[in-house]
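As structure tokens, the structure follows; a few thoughts come after it.
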Amino acid sequence: MKKTTVIVGLGSCGIAAGAGKTFSEFQRIKAADKLDFELKKTSCVGMCFREPLVEIIDESGSYLYGQVDPAKADEIIEKHIKNFSPIPEYIVQSERFPTPEQSFFEGQVKIALRNCGHMDPENIEEYEARNGYAAIRKIANNFMNPDQVIQMVIDSGMRGRGGGGFSTGMKWKFARNYDAPQKYVICNADEGDPGAFMDRSILEGDPHGVLEGMIICGYAIGASEGYIYCRAEYPLAIKRLNIAIEQARKKGYLGKGLFGIEHFNFDIKIKEGAGAFVCGEETALIASIEGRRGMPRRRPPFPAQSGLWKSPTNINNVETFVNIPWIIFNGPQAYAAMGTEKSKGTKVFALTGKIKHGGLVEVPMGMTIRDIIYNLGGGIANGKKFKAVQLGGPSGGCVPEYLSHTQVDYDSVNATGAIMGSGGMVVMDETTCVVDIARFFLDFTQKESCGKCTFCRIGTKRMLEILTRITQGEGQEGDIELLEELAHNIKDGSLCGLGQTAPNPVLTTIKYFRDEYEAHIRDKKCPALSCKKLLTYKVDQEKCTGCMACTKGCPVDAIEGGKREPHFILQEVCIKCGVCFTKCKFGAIQLS
Amino acid sequence: MRVKRIAPEPVAPVAEPSVDLSLIDSLIAKYKGKQGNLIPLLQGTQEIFGFIPREAFLKLHSDTGLSLSELYGVATFYAQFRLTPSGKHIIKMCHGTACHVQSVTAITDELLDFLEVKDGETTSDGLFTIETVACLGCCSLAPVMMIDEETHGKLTPKEALKIIKEIRRNEAL
Ligand SMILES: Cc1cc2nc3c(=O)[nH]c(=O)nc-3n(C[C@H](O)[C@H](O)[C@H](O)COP(=O)(O)O)c2cc1C
Ligand code: FES
């Protein structure tokens, strides 16, 4: 009889949802009741909305249980493990029980995420059992030379997943063509886009996949040293990378004379970022590794010619690297068979915001935004109306609902004014104010500007001031035009991608939601009822119990009415701070 | 621009607790003379003291030969480095896009109110430093906050308060 296996998802998101306690509970009962099942760890399978996730594999099949707290763990042990009767109500996916949520996995094609949630990321043997390090072995055993490897990457049509979308194979070719005694490979794991977490998930779930991609790149361009530049906010990713590097060194997959290839030496170091979004930009990243302030510099020379310590350097994103072993192992044609004409393969998206089933999904390029949100993501949360989706983070833009038939590939997304970026998809419903979102992003870029270019440093600040003024009901005629003018100047007057794209969130929201800007400026109204300063607060006399919670909270004594009497708000005194709304337990404060 | 972080407004000089500078000797020995050592040196110093004391800057400068202006310039550029002591627990409120859309601002306001501090400040009892950060990478559990190494997701103002109060209670024991 096959032994039952219990696998607990212990990615950062799982742990935040309490998976650590769930794991301990399984461990405790296993020891206490002397149960004979195997308890294993894995990382996130992407179904973040049902964390903590536990997969049980026994003779009859595999069952994925969702939201397993210690109490549910006890029940699952009792019924499923001891008595072989699975509990359908808690199951989110299984071949044996159709569930409403299985649609989350339908239509997904997992290449970059092929190992995430399916193996123990801290165990190199499990990676090898899933064709790990088989791609680099294929290269070694078939005596493929670096040019052949690069040609395969070019043929796959792979484009960089860090946002720019440049052909990965071409980039490798440039770096290979420069002759130098020392070259470097850098993995960009700075993932600065707030609202995207695919790189974190990949690093936590498949660290060896990233290492193998970097080793192959090292062989192809002729580099002997690699760096992974990882955000300090990702402690678990750093820990697992360290474990993976140690294991790979022990097995002789990192070090000297690797895989029987003569003169092929390669080793990898981790550099922890120190918290600056602009360090995701490649020249700033290099400056940061060299120990300087992370300020971008002019290109050319590109890093392929003069990068780290002035040596030829190839920089790729985490998701780019993790795709490489798959492409080499399965052949470039298999990869190029997926996707659209100019965007091949698959892309990982982080679905967040007002979506029912938020998480990580990987789909072939060319799927429509609508299909991703409705088929995989289950639609909008709480029965609200879909308004727009923000793609590409601070460099991207808002795509309105009526363009949701847009296919996700580099060129179609660019045509809307947004960018593909790293793959963050923040869904917004009717209660999200797009002017406020534009203000939010400008606040971000304004803080993160390194200060080198005047337009980026001061222009973003001025734009932020105008947007803040509009959301506070002090907008003036001409503000929209002023924003547009500033936006174009900042785009033209900035050296790096940060400034060149910083105005995008403003330009796209003006393009698609100009009427909302006008409502804020002319009518002093926020159609989404989100900008506090533009709301009128009223007490619903029916619902008010006269508990006085709002009266006590009001900083300006604008609320009148005694105990157990309905209250009312003196509109002339009210400063629209919104405290009464948060204090009221009965939903009696109405907004209009 | 980031440089603003040095001193948003003139603050009364706080007496810095004196520190045992010999604690960073082994760190200096490890990195001295290596290329790209500046940031690891600062990170190591901060790990030991919880912040980078003025005297430590001077020692790093005299022991490694790195210029003082470079050390200070780098320390003020990156968000990670602190030049003043932090509270015992660091509360990081995620103000990334996903958390913003899920109204994290209301939660932050509630906590700032309760702790009677402003963003980036430390409570008078030295227990908490609260600061807003860009994204903690748990966006699908938004709104999110991180206290020390532990991440809390799907927060409401009430729950966030409960967690803080509990830490305070445990510390009082
Ligand atoms: C302001 C700014 C931030 C960036 N942040 C990131 C990032 O966090 N992660 C990343 O992989 N690329 C980032 N990039 C893109 C990198 O400069 C670079 O193009 C990328 O790492 C190349 O890898 P790829 O070819 O695999 O896409 C950023 C670019 C700019 C201008
Ligand atoms: S936006 Fe808050 S965790 Fe990413």
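The values are calculated or read from the model by the stated rules, or taken from the named source; none is laboratory data. As the structure is a computational prediction, the values presented were derived from the model and not from experiment. Cβ atoms come from the backbone with ideal geometry, glycine included; neighbour counts cover every protein chain shown. The protein model used for the area step is the full one, side chains on, heavy atoms only, and it has no ligands, DNA or RNA in it. Shrake-Rupley method; radii C 1.70, N 1.55, O 1.52, S 1.80 Å.
Inspect the range A:367-384 for any residue being within 30 Å of residue A:298 (Cα to Cα) and either open to solvent by 10 Å² or more (accessible area, probe 1.4 Å) or part of a helix (DSSP H, G or I) (or both) and give the result as yes or no. Looking for residues that are within 30 Å of residue A:298 (Cα to Cα) and either open to solvent by 10 Å² or more (accessible area, probe 1.4 Å) or part of a helix (DSSP H, G or I) (or both), one finds none in the range A:367-384, hence no.
Within the range A:543-553, the set of residues being open to solvent by less than 30 Å² (accessible area, probe 1.4 Å), in a loop (DSSP other than H, G, I, E, B) and either in contact (Cβ under 8 Å) with a residue 24 or more places away in the chain or of a type outside the set (Gly, Ala, Ser) (or both) comprises A:544 only. When A:218, A:195, A:213 are screened for being over 19 Å from residue A:328 (Cα atoms) and either within 14 Å of chain B (Cβ to nearest Cβ) or within 16 Å of ligand 1 (Cβ to nearest atom) (or both), only A:195 passes. State whether one or more residues within the range A:223-238 are without any contact (Cβ under 8 Å) to a residue 12 or more places away in the chain, open to solvent by 10 Å² or more (accessible area, probe 1.4 Å) and farther than 22 Å from residue A:395 by Cβ. Checking the range A:223-238: at least one residue is without any contact (Cβ under 8 Å) to a residue 12 or more places away in the chain, open to solvent by 10 Å² or more (accessible area, probe 1.4 Å) and farther than 22 Å from residue A:395 by Cβ. Among the residues of the range A:303-311, not a single one is assigned by TED's automatic domain parsing to the domain that holds residue A:142 and in contact with a Gly (Cβ under 7 Å, 6 or more places away or on another chain). Residues that are open to solvent by 30 Å² or more (accessible area, probe 1.4 Å) and closer than 30 Å to residue A:51 by Cα number at least 2 in the following strands (runs of 3 or more DSSP E) confined to the range A:247-363: A:267-272. Can you name the residue in the range A:41-68 that is closer than 16 Å to residue A:85 by Cα and among the hydroxyl-bearing types (Ser, Thr, Tyr) and is also most open to solvent (accessible area, probe 1.4 Å) among such residues? That would be A:60. Exactly one residue out of A:254, A:203, A:241 is touching a helix residue (DSSP H, G or I) at 6+ places or on another chain (Cβ under 8 Å), within 16 Å of ligand 2 (Cβ to nearest atom) and among the aliphatic types (A, V, I, L, M): that is A:203. Can you spot a residue in the range A:314-334 that is of a type in the set (Val, Ile, Thr), assigned by TED's automatic domain parsing to the domain that holds residue A:268 and in contact with a strand residue (DSSP E or B) (Cβ under 8 Å, 6 or more places away or on another chain)? For the range A:314-334, residues of a type in the set (Val, Ile, Thr), assigned by TED's automatic domain parsing to the domain that holds residue A:268 and in contact with a strand residue (DSSP E or B) (Cβ under 8 Å, 6 or more places away or on another chain): present. Entry remark, the range A:135-164: residues being charged (D, E, K, R) and either more than 16 Å from ligand 1 (Cβ to nearest atom) or surrounded by fewer than 23 Cβ atoms within 10 Å (Cβ to Cβ) (or both) number 4 in total.
Residues that are within 16 Å of ligand 1 (Cβ to nearest atom) and under 20 Å from the mean Cα position of the chain (by Cα), at least 1 per element: which helices (runs of 4 or more DSSP H) completely within the range B:35-145 meet that?
B:68-77
Within the range A:134-179, the set of residues being out of contact with any Lys or Arg (no Cβ under 6 Å at 6 or more places or on another chain) and at positive phi comprises A:143, A:163. If you go through the range A:260-271 and keep only what is within 14 Å of chain B (Cβ to nearest Cβ) and in contact with a Ser or Thr (Cβ under 8 Å, 6 or more places away or on another chain), you end up with just A:271.
Pick from the range B:121-173 the residues that are on the phi > 0 side of the Ramachandran plot and within 16 Å of ligand 2 (Cβ to nearest atom): which of them is least open to solvent (accessible area, probe 1.4 Å)?
It comes out as B:137.
Within the range A:508-542, the residues that satisfy the criterion of being within 15 Å of residue A:470 (Cα to Cα), under 26 Å from the mean Cα position of the chain (by Cα) and assigned to a helix (DSSP H, G or I) are A:509, A:510, A:513. Filtered by the rule that a residue be aromatic (Phe, Trp, Tyr) and within 13 Å of another protein chain (Cβ to nearest Cβ), the range A:272-322 gives A:277, A:309. Here residue A:214 meets the list (1) assigned to a helix (DSSP H, G or I); (2) more than 15 Å from residue A:161 (Cα to Cα); (3) over 14 Å from the mean Cα position of the chain (by Cα) almost entirely, failing just condition (2).
Going through B:77, B:57 one at a time, which residue ends up being within 10 Å of chain A (Cβ to nearest Cβ), more than 16 Å from ligand 2 (Cβ to nearest atom) and surrounded by 18 or more Cβ atoms within 10 Å (Cβ to Cβ)?
Within the list B:77, B:57, the selection yields B:77.
Taking the range A:396-407 as the range and being over 14 Å from the mean Cα position of the chain (by Cα) and within 16 Å of ligand 1 (Cβ to nearest atom) as the test, only A:397 passes. Of all positions in the range A:493-503, at least one carries a residue that is open to solvent by 20 Å² or more (accessible area, probe 1.4 Å), of a type outside the set (A, V, I, L, M, F, W, C) and more than 23 Å from residue A:422 (Cα to Cα).
Each row is one residue, and each column tells you yes or no for (1) within 13 Å of chain A (Cβ to nearest Cβ); (2) farther than 19 Å from residue A:441 by Cα; (3) not small (Gly, Ala, Ser).
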| residue | (1), (2), (3) |
| --- | --- |
| B:63 | no, yes, yes |
| B:73 | yes, yes, no |
| B:81 | yes, yes, yes |
| B:132 | yes, no, yes |
| B:135 | yes, no, yes |
| B:160 | yes, yes, no |
| B:168 | no, yes, yes |
| B:171 | no, yes, yes |
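Per-residue answers, yes or no, for (1) touching a Gly at 6+ places or on another chain (Cβ under 9 Å); (2) under 15 Å from residue A:9 (Cβ atoms); (3) away from chain B (no Cβ under 14 Å):
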| position | (1), (2), (3) |
| --- | --- |
| A:50 | yes, yes, no |
| A:54 | yes, yes, yes |
| A:59 | no, no, yes |
| A:78 | no, no, yes |
| A:82 | no, no, yes |
| A:90 | yes, yes, yes |
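Considering only residues in the range B:88-111 that are within 13 Å of chain A (Cβ to nearest Cβ) and away from ligand 2 (no atom under 15 Å from the Cβ), the one that is most open to solvent (accessible area, probe 1.4 Å) turns out to be B:109. Residues that are touching a residue at least 60 places away in the same chain (Cβ under 8 Å) number at least 1 in the following helices (runs of 4 or more DSSP H) confined to the range A:1-102: A:12-16.
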